[in-house]
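Presented below is the structure to which this report refers.
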Amino acid sequence: MRKKIVAGNWKMNTTVPEGVSLAREVVAKAGEVPSDVKLIVAVPATHLVSVAAVLEGSAVELSAENCADHEKGAYTGEISAAMIASTGATYTILGHSERRQYYGETDEKLVEKARIAFANSLKVILCVGENLEEREAGKHFEVCESQIENVLFKFSAEQMKDFVIAYEPVWAIGTGKTATAAQAEEIHAFIRKTIAGRFGAEIAADMTILYGGSCKPSNAPELFAQEDIDGGLIGGAALKADDFIGIAKSF
Ligand code: PEP
């Protein structure tokens, strides 16, 4: 049985004290969420240590938003997977469209990053998704397929259990435009089929595939009711504990 996950991506928001109080609120309300739904908060690197202390003893897991594509060394300003793991984080997001778009994150780099993340016992939330132009040109299937092939297919069947996929249509991120449940389900099912084609039906059935893009308490129930949507990667709405928890209660 694949896991249901609701992960908050705080992006470059909140100071450390603000992040600590948001994490406290999430922990305080986490008991309202069905026990088969895993909660994760992905926080800025500066917040990892302090938020880890808040999450200790709770079921809420901690994620970074990115990690370096090198193990260690002279890479000023970068944060390594080992550093992230040493804070108590268990996940890192990789390949968020904002990183692909603004920081030149290529599929090749993502393979390196995921390899190093796994070597340091971090699990990876791998984001894929098409932009508006690609959607309008009817290329959304091929864009997602190539992102999956270029990254996921570079790993073994055994390593699939350490990946979570987040389908995030770029045109729906932070725009208020959500993909309809049918549009999202169509791509989720396609991603699962693509994974099955390479790794077999059993591994594909076990893969958690999240939807991300203007997900909120009002639209989460319809999205999460779809066969192949196993939860959400939540941006803006994760900055309010009530909304984040409300989304996680939507299954
Ligand atoms: C995201 O950036 O991962 C995201 C889904 O953002 P939002 O929910 O704000 O669209």
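Any read-out appearing in this document is the output of simple, stated calculations on the displayed coordinates, not a laboratory observation. Given the structure is predicted, the values throughout are model-derived calculations rather than measurements. Cβ sites come from the backbone with ideal geometry, for glycine too, and all protein chains shown count toward neighbours.
Points to keep in mind about this one:
- Shape parameters for the chain, alpha-carbon atoms, Rg then Dmax in Å: 16.7, 48
- Average projected area [Cα convex hull, the range 1-86], square nanometres: 6.5 nm²
- Extension gain for Lys154-Ala225 works out to 22.5 nm (0.36 nm per residue, less the C-alpha to C-alpha distance).
- For the residues Glu149, Glu71, Glu133, a GNM of the chain with alpha-carbon springs under 10 Å puts the largest fluctuation on Glu133.
- With θ taken as phi - 60° and the Karplus curve 6.51 cos²θ - 1.76 cosθ + 1.60 applied, the whole-hertz 3J(HN,Hα) list for the range 87-103 is 7, x, 5, 10, 9, 9, 6, 9, x, 4, 4, 5, 6, 5, 6, 9, 10 Hz, x standing for glycine and proline.
- Of Tyr75, Asn150, Thr194, farthest towards positive along the dipole that unit charges on Lys, Arg, Asp, Glu beta carbons give the chain: Tyr75
- Zero-based 5 Å bins, Cα pair distances in the range 1-48, whole percents: 5, 20, 28, 21, 15, 9, 2, 0
- Amide H to amide H distances under 5 Å link Glu61 with Leu39, Ile40, Val41, where only residues 5 or more positions off or on other chains count and H is placed in the peptide plane.
- The Cα center of the range 145-183 and the Cα center of the range 224-251 differ in position by 16 Å.
- Most fluctuating residue given options Arg192, Arg99, Arg115, as computed from a GNM of the chain linking Cα atoms under 10 Å: Arg99
- Modelled spin labels at Val49 and Glu186, positioned 7 Å past Cα toward Cβ, are 4.9 nm from each other.
- Links that overshoot a 31 Å alpha carbon limit, given the list Lys3/Lys154; Lys29/Lys113; Lys4/Lys109; Lys72/Lys249; Lys109/Lys177: Lys29/Lys113; Lys72/Lys249
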